[in-house]
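So the structure is just underneath, and the comments pick up after that.
The values are calculated or read from the model by the stated rules, or taken from the named source; none is laboratory data. In this text, all values refer to a predicted model and were calculated from it rather than measured experimentally. Every residue, glycine among them, receives a Cβ derived from its backbone with ideal geometry; neighbour counts consider all protein chains shown. The accessibility values were calculated without ligands, DNA or RNA, using every heavy atom of the protein model including side chains. Shrake-Rupley method; radii C 1.70, N 1.55, O 1.52, S 1.80 Å.
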4 protein chains.
Amino acid sequence: MTAIRAAVSADIRRTEVREFASPAIPADGGLLRVELCGVCGSDWPYYLKYPKSKGPLILGHETVGTVAQLGSVAAQRFGVKEGDRVALEEYLPCGHCAYCRGGDFRLCDETDTLNRLGTVRYGSTPVGHSPSLWGGYSQYQYLHPNSVFHRVPDNLSAELATLALPLGNGVEWAYLQGKVGVGECIVIQGPGQQGLACVVAAKEAGANPIIVSGLGTPTDQRRLALAKRLGAHHTINVEQQDLLDTVSTITGGAMADVVIDCASGGPWTVVSAIQLARKGGRILIGGRKGAPVPQFDVDVLFTRFLSVKGMRGHSYQAVELGLQILASRKYPLEDMCTHTFDLEAVDEALRTVGGEGKPDAIHCSVNPWR
Amino acid sequence: MTAIRAAVSADIRRTEVREFASPAIPADGGLLRVELCGVCGSDWPYYLKYPKSKGPLILGHETVGTVAQLGSVAAQRFGVKEGDRVALEEYLPCGHCAYCRGGDFRLCDETDTLNRLGTVRYGSTPVGHSPSLWGGYSQYQYLHPNSVFHRVPDNLSAELATLALPLGNGVEWAYLQGKVGVGECIVIQGPGQQGLACVVAAKEAGANPIIVSGLGTPTDQRRLALAKRLGAHHTINVEQQDLLDTVSTITGGAMADVVIDCASGGPWTVVSAIQLARKGGRILIGGRKGAPVPQFDVDVLFTRFLSVKGMRGHSYQAVELGLQILASRKYPLEDMCTHTFDLEAVDEALRTVGGEGKPDAIHCSVNPWR
Amino acid sequence: MTAIRAAVSADIRRTEVREFASPAIPADGGLLRVELCGVCGSDWPYYLKYPKSKGPLILGHETVGTVAQLGSVAAQRFGVKEGDRVALEEYLPCGHCAYCRGGDFRLCDETDTLNRLGTVRYGSTPVGHSPSLWGGYSQYQYLHPNSVFHRVPDNLSAELATLALPLGNGVEWAYLQGKVGVGECIVIQGPGQQGLACVVAAKEAGANPIIVSGLGTPTDQRRLALAKRLGAHHTINVEQQDLLDTVSTITGGAMADVVIDCASGGPWTVVSAIQLARKGGRILIGGRKGAPVPQFDVDVLFTRFLSVKGMRGHSYQAVELGLQILASRKYPLEDMCTHTFDLEAVDEALRTVGGEGKPDAIHCSVNPWR
Amino acid sequence: MTAIRAAVSADIRRTEVREFASPAIPADGGLLRVELCGVCGSDWPYYLKYPKSKGPLILGHETVGTVAQLGSVAAQRFGVKEGDRVALEEYLPCGHCAYCRGGDFRLCDETDTLNRLGTVRYGSTPVGHSPSLWGGYSQYQYLHPNSVFHRVPDNLSAELATLALPLGNGVEWAYLQGKVGVGECIVIQGPGQQGLACVVAAKEAGANPIIVSGLGTPTDQRRLALAKRLGAHHTINVEQQDLLDTVSTITGGAMADVVIDCASGGPWTVVSAIQLARKGGRILIGGRKGAPVPQFDVDVLFTRFLSVKGMRGHSYQAVELGLQILASRKYPLEDMCTHTFDLEAVDEALRTVGGEGKPDAIHCSVNPWR
């Protein structure tokens, strides 16, 4: 094999393509030939922080590729063989703790970058950690012994396959955790890739009505239009319509059984999420808000019997269901796949996901071979 | 029947015994001869607010008594007959809405005093609302057509039977909602009657360890000692021990699967409740805090995959289980029944529950016949 | 009001139209003007048995109509008013037992005709029981104090509205009890009205694939074709294709997550239902088989970790969801409504549902005014 | 290391102690020094069948021991280190299939001896399969890469620790699958080691009453007495008392919420298990019956809304809870540990578990060093 080209985030907001020698593969490891790697919303805060706090690293953890090489032990254990086309999860769970044995491996301490420093996970581990190739913005990615694989059908395009993880999040949040069900009203705040994935999951689960709210910006308006094509019954431009009044009108005053806050503009959407829920409703917080909620009215949880739950990633089942939905071709999910970038353009890809690049982007990918 | 004597909260902090004529009982109603009525923690805010906002009223909604009279329709519908000994719930649910038909009648809008003005419920309806006898601090209580009854065994003392509702809350919060299970660690903040009821419910459900925290006051110290007799494995005086450190030590760093905040000293215990939970843990807020949480760190719900749920009252099953536990005599629950007051002493009873009266009180009752 | 005309099953297989005087309505009762009443599959065994074992009776318990009269107490309690259009459930639950209070009122002993003689229920109570009008094949039906109502939108045809209960069964069995979910494989044996209702419920819940099996008769072939129009992915003619092999082929050997046996031809479909389930799968038995399973292999429940559950009727939520699905117009459910009969033709209607009448029938109704 | 002594079931009902050389340990494997190995009820059918159908093998899969040696990869992956004291599960799950990733690894096809020939599992794999040491009736046991470990506290005796798996079964069946809860009535048929384990699990979960039935034999009478010491409220000698009548009397006619059939005398206890359940109850079948149920009345599942579920083994959580219960010393579980046999006496140990040996046995173990 010739040198492996990878996009290394050398410093904050500065990525450069470097070449790596093909690593020695241990008996229990392997190597993946990356076909395409999606850009996750979490890549943006990583991009702004990790090159300094962790050291230079190859970002990217929505990888689709082909198993290129397996050590002798890995060939027995991985359940995949050379030549298989797979999607990887970002987690590298230990496999033997109570979380792993109980089906909640995404909570495994070994791969928990949020609560522990120095843990190893795809797309957020520095190149200084051998064998360097931990990220998907690269021609090849190292297959750690604890890799979690999903088979990708041959007839699914790489662009669609990179949606396995975001769609897995939607399935996990709206369906497996939010337990949205037949005939229930769900409100999804924020029409980004996570919000749109929640629309699809809610649609699959029979939710009705599905309501999505967004801003009046051209970007959000395009995304809200896509939300409708994906199955949302109503969309709300919160700059033109009162969010609570509109949901009240749509539901005849009943409000929402489930609210998912996928917005990224700070803590205030948490407050409206709680206000949107019916008595006994469930509120799910999808991701980091970056700031505390000032004067949080905890008593409303009591007076209206509400639950608020923080969402975090996806289970194995959620990603399998995401791939099954993608393979079903029931939804125009290709409309989410708006841009593919070269390795040399990873900075642009990341800025785009961070809202500083192409305004019409929804889900972006990096193709390391183009 | 001669005149009925009842304690009317005529104004804020001022109760007077009045006499009422025996009311005309409609075909679908009835009359209960009150044996004893417990004093709930919520009576205290009612006492400070309702005589002004709603008008004079008879407080008390943990009533145990004997069915004295039934209208012809009620005799068919109530499932009880004259002479039966019963405990009443405070709710008067409509019986036909989706909440009622689905087993969640405590959320029925018809009896939801928290979210709707003017709804009817035992112990919080003014005497101006015919036929006046809506509260348990009275010799007789009107049996509304929507009354919810529980049979009380003859060999259960009235004092113990008045614990049916508080114990029902403990069963609902710790077990049915919190789903605390075998071998799980539960931390209960606040050793008042609700906290102690949660100890019993958690013990029944096999929780281990059960940890209860309280203040260094003589009152709380007495209550923490009772918590131990009821089955708590550890108690923590938060004025002498660091709460988080101590729970961490007890659990070997694992922290709590379930945390129930039954403390009444403002919103800060919500913050510690969240800190006490393990990754993936469940936090239950038992009752009103009276003030917002300043600078609420919502991101910790995401980074540690936590849920926060507001607790509200009890289901039918919870109260039945509470009575079953009381009848089993497995726990020294008579130690919770510290004081019984006459009708003339209802003011003192209420001040005691509000923390202004007898310092050694836990659960108090009013006996209208003494 | 002039005399009320009703179809009385005077003897087995012999129905005659009789006239009844308008009954005196008690304070807690009412009267429904029947618009249309569906014919349930269970009417057939009732028709063959009850006129002898219980005495003459008015069959019919899928009633849609308008509230014509309410007693003073009923007007307070029923949650409906005169003129409201409603669908009734067949159950007359007591309202105060643990089943009723917990949301499982269909199990209430008071209305349990299967386990107790002499209980009262719509469509299976003799005319000798005052006030006689217990069935839907009548111009008016008595509203018992324990009636369970569902509001019917004005723009929903009466034919569709009579599907509220069969569709409620489908929702209860496939979704609420069977818990079929997104991406799960369900096999439904028997394409009768219950099987077809299960198809719709499974489709709403995101099941994929949905497989329906039936016989090679013209009747079943028509029904299987409708199953496809309602959303089934595959149908199997068990007289031409091996059921197990075909399901194995469709699922790539994985077999079914959920199997519902809605077939009516005796106990053998129970055996195939068990064979169709994957390891860890769930088998639901929809209704009576009429004969024991000879040589039942209980060990397969152990070796393949299976559960078998008998299904019985519908919850309140299930019927509400059924009506919501009907109102959504997402499915060609009007194709299920094949025949409407006059009161004079109730014998033919019942024979049709029993398989002795019109071969192209699926769901039939009786219109007492035509 | 000198030769390893192990009890090889060379033929049906004939075991001989053989010596094995210490095997070469691959990078991803290891070696366990067996401290003690429990005798499972399933060893008896294995003993009567596997030496012929699979070839000679070392039985025993309730192993407690110390990690003696680890390959370099295993040292990274196993989560245990040399010198650690552990209990092993019998399963060797693949780790990457949907069952394994979802927390149900006991259903993994790779280790499913019930549904697939030739799978590998501790205690049921022939010595012809390298490296031979697959069973616990041996001084050393091979640690396969897919081994499932549980840490055993130092202060827990080996005898008690061998109960980890049987107690795990009790926790799985009664609590995690049967979902027996606070105040629920459970009937356990058969007071063998599984039935007794279910008593302990039900006690932990707050079940009340717990009723255990058995025969009038001295063996069962001794076991029923132990059931009472472990927390059962009632025991029934079915040869002297009518089982159904007695349960009806105890429960005031309500019958059982949960019934677990742990009896081993053929299929008839399945029939009584179903009869013992209340309307809406859950029946769990613990293990193989060996013969079909003649004339199985499937309609009773419908008329009384029952579920029947086959039980199979334990989850990781169940075994962890079993060990936690053992460590708590709350129950006289040492009374279950009746006999310890030498390697030379493995035939006697197995005959004892099969009912042909010591009549006072409950749980037996083999000590390979004595």
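Considering only the label points, 7 Å along Cα→Cβ from Cα, what distances in nm to one decimal separate A:SER130 from the same position in each other copy, shortest first?
Output for A:SER130: 3.0, 9.0, 9.5 nm, nearest copy listed first.
At a threshold of 8 angstrom on Cα-Cα distance, excluding pairs fewer than six apart, so keeping six or more, what relative contact order does region C:179-246 reach in percent?
32
Scaled to the compact-protein estimate 2.2 N^0.38 Å, what is the alpha-carbon radius of gyration of region C:166-311, rounded to two decimal places?
0.93
Between region B:254-276 and region C:41-72, what is the C-alpha centre distance in whole Å?
Measuring centre to centre over Cα atoms gives 55 Å.
Please report the equivalent ellipsoid semi-axes of region C:94-241, computed as sqrt(5 x eigenvalue) of the Cα gyration tensor, largest first, in whole Å.
Values for region C:94-241, descending: 33, 19, 16 Å.
Would you mind estimating how fast region B:232-370 diffuses translationally, via Stokes-Einstein at 25 °C and 0.890 mPa s with the Kirkwood radius over Cα pairs, in µm²/s?
137
Could you identify the residue of A sitting closest to the A-D rotation axis by Cβ and state that distance rounded to whole angstrom?
A:GLY103, 1
Given the peptides A:94-104, A:189-199, arrange them by the average over their residues of other C-beta atoms within 10 Å, most packed first.
Sorting A:94-104, A:189-199 by mean packing, highest first, produces A:189-199, A:94-104.
Which three numbers, in whole Å and largest first, are the semi-axes of the equivalent ellipsoid of region A:1-136 derived from its Cα gyration tensor as √(5λ)?
The three semi-axes for region A:1-136 are 23, 21, 13 Å.
Provide the buried accessible surface between chains A and B in square angstrom, both chains summed, 1.4 Å probe, rounded to the nearest 100.
Roughly 3300 Å² of accessible surface disappears when A and B pair.
Between copies, how close do the B:PRO153 label points come, placed 7 Å along Cα→Cβ, listed in nm from shortest?
Relative to the other copies, B:PRO153 has label-point distances of 3.4, 5.2, 6.1 nm.
Antiparallel DSSP bridges in chain A: what percent, to the nearest 5?
Antiparallel bridges make up about 55 percent of those DSSP assigns within chain A.
At 7 Å along the Cα-to-beta-carbon direction for both D:GLU356 and B:ALA291, put a label point, then send me their distance in nm to one decimal.
7.7
For the pair A:ARG229/B:SER130, report the inter-label distance in nm, with labels modelled 7 Å from Cα in the Cβ direction.
Each label point is offset 7 Å from its Cα along the Cβ direction, giving 6.5 nm.
Relative contact order for chain B using alpha-carbon pairs under 8 Å, separation at least 6, rounded to a whole percent?
18
What fraction of the DSSP beta bridges in the protein assembly as shown is antiparallel, stated in percent and rounded to the nearest 5?
Given both bridge residues lie in the protein assembly as shown, the antiparallel proportion sits at roughly 55 percent.
Report A:MET255's accessible area, 1.4 Å probe, all protein chains in place, as a number in Å² to the nearest 10.
30
Under a plain spin-label model, where a point goes 7 Å from the Cα along Cα-to-Cβ, how far apart in nm are D:ASP342 and D:ILE12?
Using points 7 Å along Cα→Cβ, the separation is 2.9 nm.
Percentage of Cα-Cα pair distances in region B:291-358 greater than 19 Å, rounded to whole percent?
It works out to 67 percent of all Cα pairs.
Just how far, in whole angstrom, is region D:1-36 from region C:302-370 if you go by their alpha carbon centroids?
That distance is 64 Å.
I want to verify the translational diffusion coefficient of chain D in µm²/s; compute it with Stokes-Einstein, Rh as the Kirkwood radius over Cα pairs, at 37 °C and 0.692 mPa s.
157
Of all accessible surface on region B:166-311 at a 1.4 Å probe, what whole percent is carbon and sulfur?
Reported share for carbon and sulfur atoms: 51 percent.
Find the Cα radius of gyration of the protein assembly as shown, compare it with 2.2 N^0.38 Å by division, and give the number to two decimals.
0.94
Relative contact order (percent) for region A:163-294, with alpha-carbon contacts under 8 angstrom and 6 or more residues of separation?
This gives 24 percent for region A:163-294.
Which residues, if any, in region A:269-292 have at least 40 Å² less accessible area in the whole protein complex than in the isolated chain, probe 1.4 Å?
Buried on complex formation: A:LYS279, A:ARG288, A:PRO292.
Computed over the Cα atoms, what is the radius of gyration of region B:1-43 divided by 2.2 N^0.38 Å, N being its residue count?
1.42
With a probe of 1.4 Å, find how much accessible area the protein assembly as shown has per residue, and write the answer as a whole number in Å².
Per residue, the protein assembly as shown has 33 Å² of solvent-accessible surface.
Hey, how many Å between the Cα centroid of region A:214-235 and the Cα centroid of region D:73-105?
Answer, in whole Å: 46.
Would you calculate, for chain B, the mean residue ellipticity at 222 nm contributed by helices, counting each DSSP H stretch of 4 or more residues as -39,500 (n - 2.57) and dividing by all residues, to the nearest 500?
That comes out to -7500 deg cm²/dmol.
Once the label point is set 7 Å along the Cα-to-beta-carbon vector, what list of distances in nm do you get between B:GLN241 and its counterparts in the other copies?
4.4, 5.5, 6.6
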